[in-house]
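A short worksheet on the structure shown next.
Throughout, read-outs are computed from the coordinates displayed, never taken from laboratory work. Here the structure is a predicted model, which means the values were calculated and not measured. Quick reminder, even Gly has a Cβ in these numbers, built from the backbone with ideal geometry, and neighbours come from all protein chains shown.
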Amino acid sequence: MENLQKIANGLRADVLDMVVEIKDGHPGPAFSAADIITALYFGGHIHIDPENPDSPDRDRFVLSKGHACPLLYAALIRKGVIDKKHKLTLRKIDSILQGHPDMIKTPGVDANSGSLGNGLAMAYGMANALKLQKSSRYVYVICGDGELGEGITWETFINIGKSQMKNMIVFIDNNRWQSGGSITDVGGIGSLKEKFEACSLQVIEIDGHNFTQIFEAVAAAKESNKATVVIAHTIKGKGVDFMEEDNSWHKRVPTAQQYESALRQLRGE
Amino acid sequence: MAEITTRRAVSEGLLKLMESDERVVLVSSDSVGVIKAQDIVERYPDRVIEVGIAEQLAVDTAAGLAAAGMKPFYVTYAVFASMRACEQVRSMVAYPHLNVKIIGANGGMGSGEREGVSHQCFEDIGIFRTFAGMTILSPSDASQVEKAIIAASEIDDPVYIRTGSGKEIALWDDEEPFEIGKTIVRKEADSDVVLFSHGFIMREVMKAAGELENEGKSVKVVEVPTIKPLPQEAILQHVEGAANVAVVEDHSVYGGLSSAISELLSRTDPKKITTVALQDTFPESGSAAELFSKYKMDSKAIKEKLLTIM
Ligand SMILES: [Mg+2]
């Protein structure tokens with residue numbers, strides 16, 4: 001677990017390296033999802049062969065909150081799926097690392113997410129395909145909580161419940177913030193648990209920064225006879241004290257001093 | 001082949017594909033009935049992905065199926081495919097260039113007919129034509145619809161196929177193939193007017209051209225069932241030496257085949273182009289015949305328009 005924590009903070013530092021280089025991007029939303037992504041990619045859940053990342057026999061991962069993609073790129077670089085030489089090309093012309101995920105340009109990226117709601121919906125199609133192909137692989141999805149304002153997400157949850165798509169495990173990165181402010185003030189979505197339960201889904205609530213709880217949730221989802229949504233309570237900007245719970249870091253570039261301070265914190269110094 | 005409707009033709013084509021390739025699946029947004037495909041549901045229950053009345057999800061579901069190696073066909077009304085799910089087709093299908101086939105029923109004012117404007121669609125071609133890499137097919141009778149479905153399955157690209165209300169009549173020989181990217185000369189004539197058209201309004205076009213011929217005035221009629229990629233070379237050959245070009249289509253005057261041909265000729269071989277299409281207005285409920293008459297798109301209106309340039 002200690003090692004996973006180190007990996008997660010390493011990915012967060014990679015995100016800052018990229019954002020600082022291009023002076024653009026979304027650190028806050030990446031940091032709240034960093035521990036979940038780390039658990040999935042480095043905790044033995046997402047199986048992907050770096051030599052053959054397009055193999056049909058792989059687990060799928062869709063970062064539906066696509067604006068957090070520098071985090072996904074960092075994970076795929078660490079996995080060896082994306083060559084590390086691309087790291088600092090994020091958002092630059094001719095780069096394979098687009099501002100929002102591009103499944104054709106970037107190896108290991110399974111969906112063109114970023115237009116909110118659509119990643120989750122596309123993941124539902126992948127889950128249907130894997131089921132028809134009698135594959136034992138899973139489709140993992142991370143949705144933002146702000147993203148749940150998109151009607152298509154509810155079209156999808158209704159259908160995941162209707163068809164009990166058990167090869168699909170959806171995490172809600174419930175950091176309680178969205179681009180323009182708090183979820184309460186802006187989206188006003190209210191209680192999630194009851195809504196998911198009304199869609200006939202098993203709901204598991206966890207601390208999204210606790211690896212043990214993330215693993216237990218995945219295990220429970222796989223064992224359950226119901227399709228599962230994991231509400232992961234998270235902290236936007238998690239890992240850097242001045243970013244935590246400060247929504248200005250939704251999309252913001254740190255100064256040289258802030259960057260140094262953040263890297264020190266992430267290294268545990 | 002016994003005569004079938006343009007809607008049933010879609011399911012006949014799909015049945016053939018589903019029999020021969022188990023990767024072919026049908027995505028429905030409560031739209032199985034649109035193509036009278038209950039038999040597909042009964043025969044291949046697992047391969048019909050029913051998402052309920054949710055067109056945006058249906059398109060994304062098709063995208064996900066294609067991304068994981070399946071060959072999805074999504075059927076709904078043209079108006080919902082092109083507008084309710086517009087961004088999904090653009091960002092989740094066309095942008096990653098996925099092998100998704102979208103079939104839009106009630107394409108055109110005439111096919112939407114009595115349903116009224118909410119269920120008619122005369123913007124679909126204009127919208128999809130702006131999506132990079134999207135193939136757009138507009139067959140003109142039931143046999144051609146069925147063959148267009150099969151032809152679309154043979155290319156590994158996103159394809160939009162415009163179909164009708166089910167009331168359109170057979171126009172051509174059942175044995176005639178459907179070849180993507182080919183134009184078809186429907187009436188050869190020694191004329192300085194070349195008319196291009198597509199879809200079910202070809203019936204009105206042929207009637208008008210036939211009447212003109214009986215009056216000793218001839219027009220060359222070319223069907224363009226592939227609107228994108230536009231068969232540019234063929235079109236340029238057809239217009240070579242012609243004084244006038246006419247385009248007839250059951251679509252808005254903006255964005256359809258007439259726009260595509262205008263764009264092509266304006267940069268290659270500028271000619272006056274006369275268009276018979278839906279003007280800048282929303283029509284209404286009515287029979288196809290009444291609508292074409294009132295909105296000046298029937299054979300009579302086509303003939304009158306052609307006479308002004310002959
Ligand atoms: Mg949020």
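Could you compute Rg(Cα) / (2.2 N^0.38 Å) for region A:183-227, with N its residue count?
Working: Rg = 12.7 Å, N = 45, 2.2 N^0.38 = 9.3 Å.
For region A:183-227, the normalised Cα radius of gyration comes out at 1.36.
Anyone know which of A:Lys166, A:Lys87, A:Lys134 comes out most mobile in the 10 Å Cα GNM of chain A?
A:Lys134
Can you give the FRET efficiency to the nearest 0.05 for B:Glu19 and B:Glu87, using r as the Cβ-Cβ distance and R₀ = 51 Å? Walk me through the intermediate numbers first.
Numbers: r = 34 Å, r/R0 = 0.66.
Efficiency, from the Cβ-Cβ distance: 0.90.
Using only Cα atoms, find the angle between the long axis of helix A:27-42 and the longest principal axis of chain A, and express it within 0 to 90 degrees, rounded to the nearest 10.
Helix A:27-42 sits at roughly 60 degrees to that axis.
Working from the alpha-carbon coordinates of chain B, get Rg over Rh, Rh being the Kirkwood radius. Can you show the working numbers first?
Values: Rg = 18.6 Å, Rh = 19.3 Å.
Rounded to two decimals, Rg/Rh equals 0.97.
Taking R0 as 41 Å, what's the FRET efficiency between A:Lys6 and A:Ser95 from their Cβ-Cβ distance, rounded to 0.05? Show your work: numbers first, answer last.
Numbers: r = 27 Å, r/R0 = 0.67.
Once the sixth-power term is evaluated, E becomes 0.90.
Lys/Arg Cβ at +1, Asp/Glu Cβ at -1, dipole of the protein assembly as shown taken about the Cα centre: which of A:Gly151, B:Ala289, A:Asn210 is farthest positive-ward?
Ranked along the dipole, the leading option is A:Asn210.
As a test, work out the antiparallel percent of DSSP beta bridges whose residues both lie in the protein assembly as shown, rounded to the nearest 5.
Details: 8 of 66 bridges.
The antiparallel fraction comes to roughly 10 percent.
Counting only other residues whose beta carbon sits under 12 Å from that of B:Leu57, what net charge do I get with K and R as +1, D and E as -1? List each step's numbers first, then the result.
On the way: positive: A:Lys162, B:Arg84; negative: A:Glu150, A:Glu155, B:Asp30, B:Glu50, B:Glu55, B:Asp60.
Summing Lys and Arg as +1 and Asp and Glu as -1 gives -4.
Answer rounded, prolate or oblate for region B:109-176, using the Cα gyration tensor with square roots of eigenvalues a ≥ b ≥ c: rounded when a/c is under 1.5, else prolate when a/b is larger than b/c, else oblate. Could you put the intermediate results ahead of the total?
Numbers: a/c = 2.76, a/b = 1.05, b/c = 2.63.
Because a/c hits 1.5 or more and a/b fails to exceed b/c, region B:109-176 counts as oblate.
By per-residue mean of other Cβ atoms within 10 Å, what is the highest-first order of B:24-35, B:275-286?
Working: B:24-35: 22.5, B:275-286: 17.0.
My ranking of the peptides, most packed first, is B:24-35, B:275-286.
Does anyone have the angle between helix B:6-20 and the longest principal axis of chain B? Alpha-carbon axes, 0 to 90°, nearest 10?
The helix B:6-20 is inclined about 50 degrees to chain B.
Determine one quarter of the surface area of the Cα convex hull of region A:124-175, which equals its mean projected area, and express it in nm² to one decimal. Before the final figure, lay out the partial values.
Working: hull surface 13.9 nm².
So the mean shadow area of the Cα hull is 3.5 nm².
Taking the alpha-carbon distance from A:Lys87 and a cut-off under 29 Å, which lysines remain once sequence neighbours fewer than 8 residues away in the same chain are dropped?
Leaving aside lysines fewer than 8 places away in the same chain, those within reach of A:Lys87 are A:Lys6, A:Lys23, A:Lys65, A:Lys79, A:Lys105, A:Lys236, A:Lys238, A:Lys251.
In debye to the nearest 20, how big a dipole does the protein assembly as shown give about its Cα centre with +1 on each Lys and Arg Cβ and -1 on each Asp and Glu Cβ? Display every interim value, and only then the final one.
Working: 62 positive and 80 negative charges, 180 e Å.
I would put it at about 860 debye.
Which whole-number percentage describes the relative contact order of chain A, with Cα contacts under 8 Å and a sequence gap of 6 or more? Could the numbers behind the result be given before it?
Numbers: 520 pairs, mean separation 61.3, N = 269.
Worked out over chain A, it gives 23 percent.
Between rounded, prolate and oblate, where does region B:6-162 land on the alpha carbon gyration tensor, with a ≥ b ≥ c its root eigenvalues, rounded for a/c under 1.5, else prolate if a/b exceeds b/c?
Working: a/c = 1.35, a/b = 1.11, b/c = 1.22.
Here region B:6-162 falls in the rounded category.
Set Lys and Arg Cβ to +1 and Asp and Glu Cβ to -1, take the dipole of the protein assembly as shown about its Cα centre, and tell me which of B:Val239, A:Gly180, B:Leu264 lies farthest positive.
Towards the positive end, the residue furthest out is A:Gly180.
Sort largest first and round to whole Å: the equivalent ellipsoid semi-axes of region B:184-309, each the square root of five times a Cα gyration tensor eigenvalue.
Numbers: eigenvalues 95, 64, 29 Å².
Output for region B:184-309: semi-axes of 22, 18, 12 Å.
If I take all pairs of Cα atoms in region A:69-140, what percentage of them are more than 17 Å from each other? Don't skip to the answer; put the middle values down first.
Working: 1237 of 2556 pairs.
Distances greater than 17 Å cover 48 percent of the Cα pairs.
When you have a sec, figure out the Kirkwood radius of the protein assembly as shown from all distinct Cα pair distances and drop it here in Å to one decimal?
Evaluated over the protein assembly as shown, this radius sits at 25.5 Å.
How big is the charge dipole of chain A about its Cα centre, in debye rounded to the nearest 20, if each Lys and Arg gets +1 on its Cβ and each Asp and Glu gets -1 on its Cβ? Please list the in-between numbers first.
Working: 30 positive and 33 negative charges, 98 e Å.
Computed about the Cα centre, the dipole is about 480 debye.
Using 0.36 nm per residue of separation minus the Cα-Cα distance, give me the extension gain between A:Lys226 and A:Asn210 in nm, one decimal.
Numbers: separation 16, 0.36 × 16 = 5.76 nm, distance 2.34 nm.
This chain segment gains 3.4 nm when fully extended.
Looking at A:Met122, A:Ala39, A:Tyr73, which one has the Cα that reaches farthest to the positive end of the dipole of chain A (charges on Cβ: Lys, Arg +1; Asp, Glu -1)?
Going by the Cα projections, it comes out as A:Met122.
Dividing the Cα convex hull volume of region B:215-255 by residue count, how many Å³ per residue is that? Display every interim value, and only then the final one.
On the way: hull volume 4.5 nm³, N = 41.
Hull volume normalised by residue count: 109 Å³.
Within 10 Å, count the other beta carbons around each residue, average over each peptide in B:287-298, B:233-244, and list them highest first.
Details: B:287-298: 19.2, B:233-244: 15.2.
The packing order, highest mean first, is B:287-298, B:233-244.
How far is helix A:69-79 tilted, in degrees, relative to the longest principal axis of the Cα atoms in chain A, given as a value from 0 to 90 rounded to the nearest 10?
Tilt relative to chain A: about 90 degrees.
List the lysines whose Cα sits under 26 Å from the Cα of B:Lys182, skipping any in the same chain fewer than 8 residues away.
Answer for B:Lys182, where 26 Å is the Cα cut-off: B:Lys16, B:Lys71, B:Lys101, B:Lys147, B:Lys167, B:Lys207, B:Lys220, B:Lys228, B:Lys271, B:Lys272, B:Lys303, listed by chain and number.
Across peptide B:17-24, how many C-beta atoms of other chains are within 10 Å of each residue C-beta, on average?
On the way: counts 0, 0, 0, 0, 0, 2, 3, 0.
The shielding value for this peptide is 1.
Please say if region A:1-130 is rounded, prolate or oblate, where rounded means a/c under 1.5 for a ≥ b ≥ c the square roots of the C-alpha gyration tensor eigenvalues, and otherwise the choice is prolate for a/b larger than b/c and oblate otherwise? Working shown, then result.
On the way: a/c = 1.41, a/b = 1.18, b/c = 1.19.
Rounded.
Return the calculated 222 nm mean residue ellipticity for chain A, to the nearest 500 deg cm²/dmol, obtained by summing -39500 (n - 2.57) across DSSP H runs with n ≥ 4 and dividing by the residue count. Walk me through the numbers before you get to the answer.
Numbers: 8 runs with 107 residues, N = 269.
When only DSSP H runs of four or more count, the value is -12500 deg cm²/dmol.
Using 1/(1 + (r/R0)^6) with R0 = 30 angstrom and r between the beta carbons of A:Glu244 and B:Asp30, what's the FRET efficiency to the nearest 0.05? Working shown, then result.
Working: r = 45 Å, r/R0 = 1.51.
Calculated transfer efficiency: 0.10.
What number, rounded to the nearest 500 deg cm²/dmol, is the helix-based mean residue ellipticity at 222 nm of chain B, given -39500 (n - 2.57) per DSSP H run of at least four residues and division by all its residues? Let's see the in-between values first.
Numbers: 11 runs with 104 residues, N = 310.
Calculated at 222 nm, the ellipticity per residue is -9500 deg cm²/dmol.
Using the Cα atoms as the points, what is the convex hull volume per residue of chain A in Å³? Before the final figure, lay out each step's value.
On the way: hull volume 30.1 nm³, N = 269.
Convex hull of Cα atoms, per residue: 112 Å³.
Convex hull over the Cα atoms of region B:167-224, averaged projected area in nm²?
4.4
When the Cα centres of region A:17-67 and region B:216-264 are compared, how far apart do they sit, in Å?
48
For B:Asp30, what charge total do you get from the other residues with a beta carbon under 11 Å from its beta carbon, if Lys and Arg give +1 and Asp and Glu give -1?
Net local charge, B:Asp30 excluded: -2.
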